[in-house]
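See below for the structure under consideration.
The values are calculated or read from the model by the stated rules, or taken from the named source; none is laboratory data. Please read these numbers as outputs of a predicted model, since none were measured by experiment. Virtual Cβ from ideal backbone geometry, glycine too; neighbours counted across all protein chains shown.
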Amino acid sequence: MKIDIHTHILPPDIPSFKKKFGYGGFIELAKNSSCSAKMMWDDGKFFRDITSNCWDPEKRLEEAGENNVDVQVLSTVPVMFNYGIPGKDNLEVSKFLNDHIAQVVEKNPKRFVGLGTLPMQEPALAIEELNRCVKDLKLAGVQIGSHVNQWNLEHRELFPVFQEAEKLGAAVFIHPWEMMGAERMPKYWLPWLVGMPAEVSLAICSMIFGGVFERLPNLRVAFAHGGGAFPMIVGRVEQGFLARPELCALDNRINPREYLGRFWVDSLVHDPVALLYCMQVFGEDKVAMGSDYPFPLGEADPGGLIESIKGLKPQLRQKLLGGNALDWLGLAKERFR
């Protein structure tokens with residue numbers, strides 16, 4: 001069984017939130033045909049070309065079948081987080097996106113699992129929508145950004161959201177967005193190549209040093225892109241903790257290495273050596289297949305990297321392809337039979 005925990009979807013039509021709210025800064029779709037469109041900012045600036053597999057569930061199912069993917073976990077495109085607008089407005093945007101994902105899942109519950117998005121800039125509203133996502137829409141959890149404006153993920157304002165996610169048994173998928181240092185990386189697509197791994201590493205370190213995992217031992221969190229740069233800096237992070245506790249151990253006095261195995265990462269690292277190393281760092285039970293479908297920086301053959309590694313025992317291969325995803329989602333395999 002192959003479960004892809006990292007796929008993105010958009011509604012086929014996005015209303016003009018600029019007209020609705022009276023200010024700009026929103027993504028709109030400019031369709032070129034029935035099978036292609038441009039994601040555009042409402043000021044006319046181009047963001048990204050997409051094809052119908054980004055909004056058409058039937059096309060997704062067709063391509064998933066071609067790649068032997070049994071289940072896709074659906075989440076919105078991170079540019080839709082909209083953390084910079086008033087929270088009450090983002091609640092409306094979030095509801096629109098979440099309702100769409102819930103409808104897609106409802107029509108094909110054995111092939112899709114849904115993750116909602118939240119107005120994280122207003123934690124009380126985020127908690128309200130989190131409850132609606134889980135209790136009313138029957139989504140498995142939520143996707144959030146690697147930071148919320150100026151708040152890193154250990155910020156005290158965000159803790160109640162994580163606390164509620166643990167209480168509800170909701171899975172949390174953390175995806176990089178608005179990459180640090182982007183203004184210094186105008187060329188070579190470096191915000192995506194360099195900034196994204198740094199963002200994920202920042203998110204992991206923030207939650208460890210901030211004591212989020214310590215205070216919420218049953219919170220189920222997965223980080224995108226194989227944990228970003230974190231696997232390569234975990235030794236440095238531990239050394240900083242040991243050498244300068246007065247700087248690092250401000251909110252949590254437990255060695256960061258103790259939290260390896262407490263959260264999941266996806267397998268999207270594009271390199272077999274890196275994937276094997278992620279399994280050593282995070283644990284064989286904590287790496288789950290993820291492709292970033294349907295975008296070009298993702299894995300064109302979902303699960304292909306896992307399947308390319310020779311010598312993996314069948315039981316371990318199955319955990320990487322699907323079993324670990326089920327554990328993170330808190331779902332039974334029987335749901336998909």
Taking into account only those residues within the stretch 1-33 that are at pLDDT 95 or above and of a type in the set (S, T, N, Q), which is surrounded by the fewest Cβ atoms within 10 Å (Cβ to Cβ)? 16
Looking for whichever is out of contact with any strand residue (DSSP E or B) (no Cβ under 7 Å at 6 or more places or on another chain) and surrounded by 18 or more Cβ atoms within 10 Å (Cβ to Cβ) here; the options are 43, 89. Which one fits? 89
So, residue 223, is that one within 30 Å of residue 332 (Cα to Cα) and out of contact with any strand residue (DSSP E or B) (no Cβ under 9 Å at 6 or more places or on another chain) or not? no
Return a yes/no flag: does the stretch 247-266 have any residue that is touching a helix residue (DSSP H, G or I) at 6+ places or on another chain (Cβ under 6 Å), within 20 Å of residue 63 (Cα to Cα) and surrounded by 13 or more Cβ atoms within 10 Å (Cβ to Cβ). no
Restricting the first residue to the stretch 309-328 and requiring it to be free of Cβ contacts under 8 Å to residues at least 60 places away in the same chain, which pairs with a second residue that is of a type in the set (Val, Ile, Thr) meet a Cβ separation below 8 Å and a spacing of at least six or different chains? 312/306; 317/306; 320/287; 320/306
Given (1) part of a helix (DSSP H, G or I); (2) of a type outside the set (S, T, N, Q); (3) without any contact (Cβ under 8 Å) to a residue 24 or more places away in the chain, number of the condition residue 196 does not satisfy: (3)
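For the condition crowded, with 18+ Cβ neighbours inside 10 Å and within 29 Å of residue 10 (Cβ to Cβ), what is the one hit in 241, 223, 295, 213? Full working, then the answer.
Details: 241 fails: within 29 Å of residue 10 (Cβ to Cβ); 295 fails: crowded, with 18+ Cβ neighbours inside 10 Å; 213 fails: within 29 Å of residue 10 (Cβ to Cβ).
Going through 241, 223, 295, 213 in turn, just one is crowded, with 18+ Cβ neighbours inside 10 Å and within 29 Å of residue 10 (Cβ to Cβ): 223.
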Within the stretch 302-327, residues out of contact with any helix residue (DSSP H, G or I) (no Cβ under 9 Å at 6 or more places or on another chain) and hydroxyl-bearing (Ser, Thr, Tyr) come out as none
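Residue-by-condition table, conditions (1) free of Cβ contacts under 8 Å to residues at least 40 places away in the same chain; (2) touching a helix residue (DSSP H, G or I) at 6+ places or on another chain (Cβ under 6 Å):
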| site | (1), (2) |
| --- | --- |
| 101 | no, no |
| 149 | no, no |
| 157 | yes, yes |
| 172 | no, yes |
Name the residues in the stretch 272-301 that are within 18 Å of residue 260 (Cα to Cα), out of contact with any helix residue (DSSP H, G or I) (no Cβ under 7 Å at 6 or more places or on another chain) and part of a loop (DSSP other than H, G, I, E, B), would you? 283
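So for the stretch 257-269 (the condition being modelled with pLDDT of 95 or more, aliphatic (A, V, I, L, M), over 29 Å from residue 156 (Cβ atoms) and not in a loop (DSSP other than H, G, I, E, B)), does at least one residue qualify?
Going residue by residue through the stretch 257-269, those that are modelled with pLDDT of 95 or more are 257-269.
Checking which are aliphatic (A, V, I, L, M) leaves us with 260, 265, 268-269.
Of the ones still in play, those that are also over 29 Å from residue 156 (Cβ atoms) are 268-269.
Now drop any that are not not in a loop (DSSP other than H, G, I, E, B), which leaves none.
For the stretch 257-269, residues modelled with pLDDT of 95 or more, aliphatic (A, V, I, L, M), over 29 Å from residue 156 (Cβ atoms) and not in a loop (DSSP other than H, G, I, E, B): absent.
Residue check: is residue 257 in contact with a strand residue (DSSP E or B) (Cβ under 8 Å, 6 or more places away or on another chain) and basic (Lys, Arg)?
Values: in contact with a strand residue (DSSP E or B) (Cβ under 8 Å, 6 or more places away or on another chain): no; basic (Lys, Arg): yes.
When the stated conditions are applied, residue 257 does not pass them.
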Those residues of the stretch 205-234 which are part of a helix (DSSP H, G or I) and within 13 Å of the chain's Cα centre (by Cα) amount to 225, 226, 227
